[in-house]
Each structure stands twice: as structure tokens, then as C-alpha cells.
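Since the structure comes first, as C-alpha cells, the remarks are kept for the end.
The values are calculated or read from the model by the stated rules, or taken from the named source; none is laboratory data. Bear in mind the structure is a predicted one, so any value in this text is a computation, not a measurement. Don't worry about glycine lacking a Cβ; one is built from the backbone with ideal geometry, like all the others, and counts go over all protein chains shown. Quick note on the areas: whole protein, heavy atoms, side chains included, nothing else; ligands and nucleic acids left out. Shrake-Rupley method; radii C 1.70, N 1.55, O 1.52, S 1.80 Å.
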Amino acid sequence: MTSLVRGPQLARLLGQWHALPGRRRNPDYRALADAVRGLLADGRLPLGVRLPAERELAEALGISRTTVSAAYRELRDSGHLHSRRGAGSWTRLPGGHRVASSGLWTPQDQLDMIDLGYASMAAPAELLPAAHAAAEDLPRYLGGAGYHPIGIVELREAVAQWYTARGVATSPEQIMVTNGTQHAFDLVVRLLLPPGGSVLVESPTYHNALAALAARRARIATHGLLIEGPGWDAELLLGSLRQIRPRLAYLIPEFQNPSGHLMSAPLREQLVATAHATGTDLVIDESFVELALDGTVVPPPVAAFDRHSRVISIGGMSKPYWGGLRIGWIRASAPQVQRLAAARVGVDMASPVLDQLLAVHLLADADTIVAARRAQLTIQRDALLAALAELLPEWRVRVPSGGVILWVELDGPISSALARAAEEVGVRLAPGPRFGLDGTLERFLRLPFTLAPDDLVDAVRRIAAVRYGLDHAPRPQWMDSAVIA
Ligand SMILES: Cc1ncc(COP(=O)(O)O)c(C=O)c1O
């Protein structure tokens, strides 16, 4: 974990701190302190790191040292900074919250919070019966040690069949079961990316993937997605691959998180051909592939164009079924799966047998469950779109043809400030910069449509109220934030 943040790094994270709403009434030092608190609240600035010396930050921001001193004093007073004379100042939270090794912290339970930080749905009704059925299956496994590093064969067969049905012939030996898609990504990165290796990712992208890459000290290059149109600019994407020749490229072709775009079949084919030429392994995250809406036809999997084992697909049950299951998988060549299993021994050995049996039962009922999820998501998406059109008409929204997310273009670079203000009225948001590397996504906000329509409409009402009240509200009290997933 980073233990020291340098002046230019913090300046990059702070982005447009001086241009936030409500600024006119705030002195510079207070705006700076507010912006640092915002970074702490959503995890972009970890706890327990040393901030730059006052002079260094003043230089990086092009402001006076007195302003930085006053901001640090204010942060100390509010309990967000701890200073030792002559040694430096470290970030922390008021109230003595524990710092996890990841730099994140456990949020208080806030039951009345409308949580739009998670892009995931509550469990389907079929989950409980599947759990009972799994418990009845369990005795078949109790005679063995229970360790299955690549997963129980029944589940690997079910996942392999699912790939085969989607047009990419797959054997159970090509499947490894993991504890969720994030775990799958982390294992692949451990196996394929040497420390400091280069990776190409989309911008914006799934923020927890960035966290896994940071842990590997990856050198990250980005491909900026277009907001309108097809999302990926084919020429630029393939050009970047040829120029950078990254070791890995991490892409989310179906209903990309957070932009919602769907990659065309021709680009999938070109992507694989180019990756082969540049020696790049493609890590393809299929988290949302089953959640096409409005009858949208999803192109063949990227792996269907692969002739040289350049594509590793990852996916899982969190989005169509339930995040609490913690079931994901990797599709790779059989030898790669064996190497992944060897890498896994140093991490967590194997996935729980009971959960895998549960997953087998849910997959057997996939058609019914997924159809109901799609219907539910369509209603929720449309309720969220209607509420936004009515209450925040100056925000621009592209209607996604699948997935669970609206990527909203705001009426100014206000995303972090808005997220801070929304916490005050009981709505947790994931501001745009969470999904990028350099604090440049302040004009964007991720809004998942994974909650019930009434909650979504209520959330938009509250967000609209703070958006318009931001200039007139008294200075907000600080609140704890939570993991964004
Ligand atoms: C693109 C993407 N990949 C991976 C994950 C993590 O999934 P899991 O909960 O299965 O680890 C998510 C969850 O939001 C996601 O959106």
C-alpha cells in the first residue's frame, strides 16, 4: 500500500477542487480541506498515508503555503489528519475508525441510506430453494477433503456448457471456479502480469480492477471511451495496442462498467487479431453479458475469435444472480487453468463446496431467473430515466441497452461535491473520478438501477434537492463512506 502521497499526485487527485459548487462562500483553505475529505470518504485517498509537506503541496497546486497550512489545520481539527511535529501529517478518520490493510474502512450500518454505491441487486426468490437443494447434495462431498482448487466438476461442467451454448466450445478443464469475478481478475493478474508490467484499460473502467492492478504496481495506460456512439474508437484502441504493446489489456465488452457500452462483433475480431500481433493477453470481463435489455442481441464472446489462447474470460454470478454468492470463474486454456490453480494455493486454496452446489442449482434454472432479472432491470432503468428527465433535465444520459448502470454526464465538474452533499441526505453515490486514474471524470456520475423503482425515484429527488441547494446549504457535517462495488 502507498505510504506517502507526493504533491503532484495529490494535486492530480484533487482535480478541480477550486471550482466546486458552493465555493464562492468558502475560503480557499476550507475548499481544499473539503476536497481532501471527499477523497478520503470515497477511498481515492487511503487512510494512514503521509500527505505532502505544506510547501510541496502549495507548489503543486500553485497556491500559497498559508492556505495549505490552514487547510491542514482544519483537517486536524476535524479529525482527518494526524500530525507529528517535524515528521509529517497522516490521513485518518474522526472517531478512531480502524484502518484496514487495503486502506478502506468498515462503514457504520446506516439502514436508512439509499445505497447507489453498489451496482448489484438483492437476491432472487430462487436462491433459498437452491440453498436447501445444495445442502441436500452436500453429503456426496463430505467423504473427501473438500479442496477443489479449480472447482467442483459439476459447476465447471455447467459453466463450460454455458460458454459452449454461447458459441465458444469449452471443456470443464478450461474452467476454474473463483470466489467472485474480482478474485478471478486478481488471480489472472498475479499469473500473467509481472510486477510493474504494462496494462491497457478503458477509461472509465471498473474501479476495483484498478485497485488490483495498483497492488501489482502495474503501469496503466488508458483508452478513453466515447460517451456517445459506439464507445470504443476502433482505430485508437487498436493503435494503442500496437504502440504500447501492453502485457495485458483489461476490457469489459458487454454493457461496460460504468459507461454501459456494448462492443461490436467486428471490433471483437480485430481486437483479438491485434492482441495476437502485439503479444498482449486480453482479459475479458463478462460480468454483465447476460443482462441485455430491450431484446438487444449480444455479439459472440471475444473468446470465439481466439485461435491462439490470447483471451482469458472472467465472469460470475454476482450481477445476474447475487453478489453474496461469491461465485465467479475464469475461462482459459487447460494448461493456464492448471497454472492458475497453482497460483491460487498461495491465496485461498479453493472455493466453498456448498456455495458451488448452490450455484449449480441456480444455473440449472438460469432461463427463468435471468429473464425475470432483465424484466426487473428494464422497469428500474426506465423509472430512473424518467425521474432524471423530470427532476434533473440538464443532465445528459445515454440509454444503455443492457447492464445495470446509467453513466450520467452532469452539468458541471461537481461529481465529488455532489456525492458529499448526497451523503448528508441519505444517498450514497459513486462519483465519476472513482472510475478513472487521474481525477478527470468530475463531470460524470454512476447511477446503478439495481434498487426498487420507489427507492430510485426517492434517491433522484434527494439528489436533485442537494444539487440545487448546494450553493445555499450550510457547510456539511462529514459522514463515513463505504466500499463501492
Ligand atoms: C465489471 C465488473 N467486474 C467485476 C466485478 C466484481 O464482481 P464480483 O462481485 O463477482 O467479484 C464487478 C462488480 O461490480 C464488475 O462490475
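Here are some notes:
- Per residue, the solvent-accessible area of segment 178-312 (1.4 Å probe, heavy atoms of protein chains only, all protein chains present) comes to 35 Å².
- Less than 5 angstrom separates the built amide H of VAL49 from those of THR91, all sequence-distant by 5 or more or on a different chain.
- Accessible surface of the chain, 1.4 Å probe, proportion on carbon and sulfur as whole %: 53 percent
- ARG166-ALA364 pseudo-label distance in nm [points 7 Å out on the Cα-to-Cβ vector]: 2.2 nm
- Accessible-area value, VAL177, 1.4 Å probe, nucleic acids and ligands omitted, Å²: 0 Å²
- A 1.4 Å probe run over the protein chains yields, for segment 7-91, 45 Å² of accessible area per residue, whole-number rounding.
- Electrostatic bookkeeping for THR278 treats Lys and Arg as +1 and Asp and Glu as -1; over the other residues with beta carbon under 9 Å from its beta carbon, the sum is +2.
- Helix-only mean residue ellipticity at 222 nm for the chain, each DSSP H run of n ≥ 4 adding -39500 (n - 2.57), per residue, nearest 500: -12500 deg cm²/dmol
- When the alpha-carbon atoms of segment 143-243 are used, the pair Rg, Dmax equals 17.3, 56 angstrom.
- Nearest-0.05 FRET efficiency for GLN338 and ARG140, computed from C-beta distance (R0 35 Å): 0.90
- Placing pseudo-labels 7 Å out from each Cα toward the beta carbon at ARG85 and ARG242 gives an inter-label distance of 6.3 nm.
- Computed from label points 7 Å out along Cα-Cβ, the spacing between ASP233 and SER309 is 3.6 nm.
- Euclidean distance between Cα centres, segment 168-247 to segment 251-280, Å: 10 Å
- The chain: angle of helix 353-364 to the longest principal axis, Cα-based, in degrees nearest 10: 70 degrees
- For peptides 136-148, 285-297, sequence by mean Cβ density within 10 Å, most packed first: 285-297, 136-148
- Projection of the Cα convex hull of segment 133-364, averaged over all directions and equal to a quarter of that hull's surface, yields 12.3 nm².
- Relative contact order (percent, whole number), the chain, Cα cutoff 8 Å, 6+ residue spacing: 20 percent
- Dipole magnitude (debye, nearest 20) for segment 157-260, charges at Cβ of Lys, Arg, Asp, Glu: 520 debye
- Label point 7 Å beyond Cα of ASP348 along Cβ direction - residues of segment 138-169 with amide nitrogen under 18 Å: 146-153, 155-156
- ³J(HN,Hα), Karplus 6.51/-1.76/1.60, whole Hz, each residue of segment 44-58, x for Gly, Pro: 5, 10, x, 7, x, 9, 7, 7, x, 4, 4, 4, 5, 5, 4
- Rounded to the nearest 20 debye, the dipole magnitude of the chain is 2000 debye, with +1 charges on Lys and Arg beta carbons, -1 on Asp and Glu beta carbons, and the Cα centre as origin.
- Short to long, the 10 Å bins of the Cα pair-distance histogram for segment 7-91 hold 18, 59, 22, 1 percent of all pairs.
- Shape summary of the chain, radius of gyration then Dmax from alpha carbon positions: 23.0, 70 Å.
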